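See structure below.
Throughout, read-outs are computed from the coordinates displayed, never taken from laboratory work. Keep in mind that what you see is a predicted model, and the values were worked out from it rather than measured. Here the Cβ positions follow ideal geometry from the backbone for every residue, glycine too, while neighbour counts run over all protein chains shown.
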Amino acid sequence: MSSGQIQRVRAVIRGAVQGVGFRPFIFRLAEEMGLKGWVINNTQGVFIEAEAEPDALQRFLLRIEQEKPAISFIQSFEHSYLDPVGYDKFEIRESKDGAKTALILPDIATCSECRREIFDRTNRRHRYPFTNCTNCGPRFSIIEALPYDRPRTSMRIFEMCPECNEEYQNPRNRRFHAQPNACKKCGPHLELLGPAGDVWEEHDSALQRAAIAIADGLIVAAKGLGGFHLLVDARNEAAVLRLRQRKRREEKPFALMFPSLASVTEFAQVDAMEERLLLSTEAPIVLLRRSGCEGLAESVAPANPYLGIMLPYTPLHHLLMQELGFPVVATSGNVSDEPICTHEQEALLRLQGIADVFLVHNRPIVRHVDDSVVRVMAGRELVLRRARGFAPLPVLLGEAAPDVIAVGAHQKNAIAASVGEQVFISQHIGDLETVPAYGAFEQVLADFTDLYELHPAVMACDLHPDYFSTQYARKQCAVEVMAVQHHYAHALSCMAENQIEAPVLGIAWDGSGYGPDKTVWGGEFLRITPGGFERFAHLRTFRLPGGERAVKEPRRVALSILRETFGADMPKAGTLATLEAFSSDERRVLEEMLDREIRSPRTSSAGRLFDAVASIIGLRQVCRFEGQAAMELEFLTHEVATEASYPFDLVDGDDGMIVDWAPTIRAIVEDVRGSLGAGIPATKFHNTLAEMMVRVAKACGEEKMVLSGGCFQNRYLTERTVKRLREDGFRPYWHQRVPPNDGGIALGQVAAASRARARSKKGERQTVCA
Ligand SMILES: [Zn+2]
Ligand SMILES: [Zn+2]
Ligand SMILES: [Zn+2]
């Protein structure tokens, strides 16, 4: 979305970019393109700020990677769009000392030179799956302690052979001080294990036989960089279905690994930004629009116009994918809802009955790191899951924060810790539903505390008393515990990464979060002030019959919403899909629950409103995975382009203004009865939500607003809202480096705690945390 306005981009580039003419290169490129700003070098990397129109900035970022000095190598390249400050020229600024905190690099995808070596018959590393160099290879997943040195990595158990040692000692060699340096003679090796753990093959024949197994339709558990993947031929419907049955994963889309960029373009549309992401050293899973359905098993991503695709990022993956020459499902090696397996014995136990064979190696994985997920939205990158390639790099704040450790939320948990201006966000941990997941959470906390030698004065957690993360924080005696309201944390995380200050209207829309009034919030408009927040407006509340059951069954939410809307004039049975979805007994029980207010908590959840509409238009009555109904509703917007929207009301309430969706629901029911199909109501509903935000923004009067919460993973909703707010003169901000979902909560908790500390230092009363 290029609104010809001037913007500022801030980029941090890490890797072999110092002392190789990188700054003069950036200077010349910026001058040539007429950009204003600066470039600076410090101990943390090369920092660039540049101002221009968005299109020019995008071209600038792409050209940095394409035209960089030949001897430089980018290990990490993150950028954010920020408000312009009005630079008048481009300059090379004096180097300053950066933050003293030692930086732990994420795991880096295989570089082109290492890739060339493993496919070169004459090279001593021909077909060696653990090849790496100073520019690439494992980092975060093998580091046991700092400083980063081989004896403090899981490579310490391998003694380098004389040839490797010579490379390691030679300053002119690409492997000078490459800590995980290894070769066939001295390094880790592969084994193929049967289901009972017996060794079937070793070394290259293990890889070759694993490839044959995949081609034969078997499920292979493969130990990679940060954990195990389950691999299966993505073209083989029976094999993919078998994986779904065994993994107990009904319809949630699987991630795919493709052999090459060329093979990706046969199945999906790839623009320049998406191509950069696929080929980047972060090598995340990129959500791409399908270009056709031919050739892939239907059950890879049922009824889904998007595919989550990544390219090989270790020599092991390169060798395997070259052997196969076709795309594979590469999903986390876990049982649903549990953390990814990292150890052979654990995998044999936990993946027993799921995988047919196990391709393993003897390089220990020190900590689990899942694949990251990125989507391009509104012309920018949006990180939906921050893990491999990004973790544990810091997000930079505008100013220094006090030392805080934040334990995050309950779903998509990640933790965060602030050290000066830097907030280190952990790798994605996951939903803290199971004992192993909670174990992983405790482990990551201990790990972070050790690695960064943290001595935080404050531990921030969610306000929800039942979250395991909150309960963990409550058990700590040595630190001050600060509970932060969920949607306030969402809004602050978006403010923090966009480096903007209050006053701001925080629009936080998600499935649920605990409100200070002990009800379930989820469709919130919070006026963020320097001192805290006020609930300016929220979506009209409704009941969820059966609580958690209603989250899984959009039809239950829809029934409740229809009754709220129509009261005694409820549409007759036989006229709406929602009503058809129940037996008369089921419906009677639910109506009684609603009437008598039994196990039917009230909520203002925007996520549930999506569910209700999905049910009413006949799209989905029961979800097979979290967020499915909302996702499918978004997909319908592809089918119909319309500017139309539905009516709604904005009225005064006891606790802020109320956005009343009842007129919207009435109009949707009319459209459905008029047999308009599902596409038109779905698109008009999205447009209506954007209009609701515009109307509340006008009532509030703040110029700046942040869009946060899981609902803003929805591309149509985000782009439409950004466009409409801009048209009416507002300045919307959304997420970029940090997920809009609960994976971003920890950053917001850090920000809330540091705001509260800053004020308590000034002697002001703390009113932040409800
Ligand atoms: Zn390399
Ligand atoms: Zn060696
Ligand atoms: Zn949330």
Kirkwood hydrodynamic radius of the chain, from inverse mean 1/r over distinct Cα pairs, in Å: 27.1
Segment 259-403: C-alpha gyration tensor shape, a/c 1.5 cut-off, then a/b vs b/c: oblate
Segment 431-534: trypsin sites (Lys or Arg not before Pro) in DSSP coil with no more than 14 other Cβ atoms inside 10 Å: K475, K518
Relative contact order (percent, whole number), segment 124-273, Cα cutoff 8 Å, 6+ residue spacing: 15
Cβ-based charge dipole, the chain, positive-most Cα from W509, H487, I365: I365
Kirkwood hydrodynamic radius of segment 474-602, from inverse mean 1/r over distinct Cα pairs, in Å: 17.1
Packing rank of 748-754, 315-321, 332-338, where each peptide gets the mean count of other beta carbons within 10 Å, highest leading: 748-754, 315-321, 332-338
G513 long-range amide H proximity, modeled H, under 5 Å: W521
Euclidean distance between Cα centres, segment 275-325 to segment 13-78, Å: 28
Residue-span extension gain [S583 to D652] - 0.36 nm each, minus C-alpha spacing: 21.0 nm
Helix-only [θ]222 nm of the chain, DSSP H runs n ≥ 4, -39500 (n - 2.57) each, per residue, nearest 500: -10000 deg cm²/dmol
Span-like helix ranges in the chain, DSSP H, alpha carbon extent 27 angstrom or more, Kyte mean at least -0.5: 679-700
Distance from segment 244-265 to segment 396-450 (C-alpha centre basis), Å: 28
GluC sites (Glu not before Pro) within segment 113-206, DSSP loop, no more than 15 other Cβ atoms inside 10 Å: E159
Largest-first ellipsoid semi-axes for segment 84-156, taking √(5λ) over the Cα gyration tensor eigenvalues, angstrom: 34, 21, 10
Extension gain, K572 back to D204 (0.36 nm per residue minus Cα-Cα distance, nm): 125.8 nm
Largest-first principal axis extents, alpha carbons of segment 44-131, Å: 54, 34, 20
Beta bridges by DSSP in the chain, antiparallel share as percent, to the nearest 5: 75
Mean separation of Cα contacts under 8 Å, 6 or more apart, over the residue count of segment 515-651: relative contact order %: 31
Radius 15 Å from Cβ of S583, net charge of other residues (Lys, Arg +1; Asp, Glu -1): -2
Built amide H within the under 5 Å cut-off of R249, gap 5+: none
Prolate/oblate/rounded label for segment 292-343 (Cα gyration tensor, a/c 1.5): oblate
Cα-based radius of gyration of segment 187-310 once divided by 2.2 N^0.38 Å, which approximates compact folds: 1.14
Residues S675, S600, S426 arranged by fewest to most Cβ contacts within 10 Å: S675, S600, S426
Segment 484-531 shape via C-alpha gyration tensor axes, a/c threshold 1.5: prolate
Low-density loop cleavage sites - GluC sites (Glu not before Pro) in segment 276-377, where at most 15 other Cβ are within 10 Å (DSSP): E294
The chain, relative contact order in percent, only Cα pairs under 8 angstrom and at least six apart counted: 11
Sequence-distant residues sharing a close amide H with R8 (under 5 Å, placed H): L82
